[in-house]
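Here the structure comes first, spelled out in structure tokens, and everything after it is commentary.
The values are calculated or read from the model by the stated rules, or taken from the named source; none is laboratory data. Quick caveat: nothing in here was measured; it's all calculated off a predicted structure. Neighbour counts are summed over all protein chains in view; Cβ atoms, including those assigned to glycine, are modelled from backbone coordinates with ideal geometry. SASA here: full protein model, heavy atoms, side chains in, ligands and nucleic acids out. Shrake-Rupley method; radii C 1.70, N 1.55, O 1.52, S 1.80 Å.
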Amino acid sequence: MQVTQQDKHLTHAIINAGEQLSFGVSEDPMFFKMLYSSLYSDPRRAAFREPLCNAWDANIDNGMEETPLKVTITDESVTYRDSGKGIPHSKIREVYLTLGKSTKVDNSAQTGGFGLGCKAPFAYADHFEVRSYCEGICTIYRMLKVDPSNGGKPGASVIAQFPTTETGLSVTIPFNIHGHDRSGNPTSHDKDAVVQQIMQDIAQGGILAEVNGVLVPTIPLKREPGSW
């Protein structure tokens, strides 16, 4: 809106003068920290549930519904390995480091749509690992909630690359460390609760998955329109 005035008094206004102000998002590192800490009511649950759902969506997208996800749980971490198509190196930043961007927005068979689920581990962990098996190359990334080389904002660094004949993605989320045992090994209070949650999410979500090599029984879900 353009305004003309005379002797410091407004005389008339011109509507629709052409100036447009666009909405923006702050890149302040504190903004991202606040966003991830407040996005989920249960950050720990979301951090381990969302990658699980994403892995199953990747199997569906690649026509691998009959192939179980591989879930590996150790004392230090949880790893999800799918049989999807993987993510090209050129798309990693778009998928993992761009808020509001999703590859599922036009796919009603998959969950999500705002690109937040793959970033959910940041709500719990300061870092996590992603391995993408795509186009004959396996690339290992370390995802950082606070990346000094990126001005303190979330970032990713490439750890290694090597040839592969596999496809898919693996995501490894470390448990937060709360202390050490008598041998000096790091320990976490979260493992038992996370394992129980993962088993429940697999069973109730109708997800075909093996946990440490054992197939988890599921509650069958119908996918017909109108079904629950």
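When 103, 98, 79, 111 are screened for being buried (at least 16 other Cβ atoms within 10 Å of the Cβ) and at pLDDT below 90, only 103 passes.
Residues are listed down the side, and each one gets a yes or a no for (1) farther than 27 Å from residue 91 by Cα; (2) within 19 Å of the chain's Cα centre (by Cα):
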residue: 157; (1), (2): no, yes
residue: 182; (1), (2): yes, no
residue: 193; (1), (2): yes, no
residue: 197; (1), (2): yes, yes
residue: 200; (1), (2): yes, no
residue: 204; (1), (2): yes, no
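Listed by first and then second residue, the pairs linking a residue in segment 69-88 that is farther than 12 Å from residue 129 by Cβ to a residue that is open to solvent by less than 20 Å² (accessible area, probe 1.4 Å) and aromatic (Phe, Trp, Tyr), with Cβ atoms under 6 Å apart and 6 or more places separating them unless they lie on different chains, are 71/80.
Out of 204, 197, one residue alone is within 22 Å of residue 54 (Cβ to Cβ) and either open to solvent by 60 Å² or more (accessible area, probe 1.4 Å) or assigned to a loop (DSSP other than H, G, I, E, B) (or both). It is 204.
Just to verify a result, which residue in segment 207-228, among those that are open to solvent by 80 Å² or more (accessible area, probe 1.4 Å), within 23 Å of residue 54 (Cβ to Cβ) and in a loop (DSSP other than H, G, I, E, B), is modelled with the lowest pLDDT? Result: 228.
Report whether or not residue 188 is buried (at least 20 other Cβ atoms within 10 Å of the Cβ) and among the polar types (S, T, N, Q). For residue 188, the condition - buried (at least 20 other Cβ atoms within 10 Å of the Cβ) and among the polar types (S, T, N, Q) - is not met.
Scan segment 58-68 for residues that are touching a residue at least 24 places away in the same chain (Cβ under 8 Å) and either more than 20 Å from residue 141 (Cα to Cα) or not in a helix (DSSP H, G or I) (or both) and jot them down. Show your work before the answer.
Within segment 58-68, the subset touching a residue at least 24 places away in the same chain (Cβ under 8 Å) is 58-62, 65-68.
Answer for segment 58-68, where residues must be touching a residue at least 24 places away in the same chain (Cβ under 8 Å) and either more than 20 Å from residue 141 (Cα to Cα) or not in a helix (DSSP H, G or I) (or both): 59, 60, 61, 62, 65, 66, 67, 68.
For segment 160-194, enumerate the residues that are part of a loop (DSSP other than H, G, I, E, B), free of Cβ contacts under 8 Å to residues at least 24 places away in the same chain and in contact with a strand residue (DSSP E or B) (Cβ under 6 Å, 6 or more places away or on another chain). Residues satisfying the conditions are 177, 181.
Among the residues of segment 146-173, which ones are buried (at least 19 other Cβ atoms within 10 Å of the Cβ), among the aliphatic types (A, V, I, L, M) and either under 17 Å from residue 83 (Cα atoms) or at pLDDT below 95 (or both)? 169, 171, listed by residue number.
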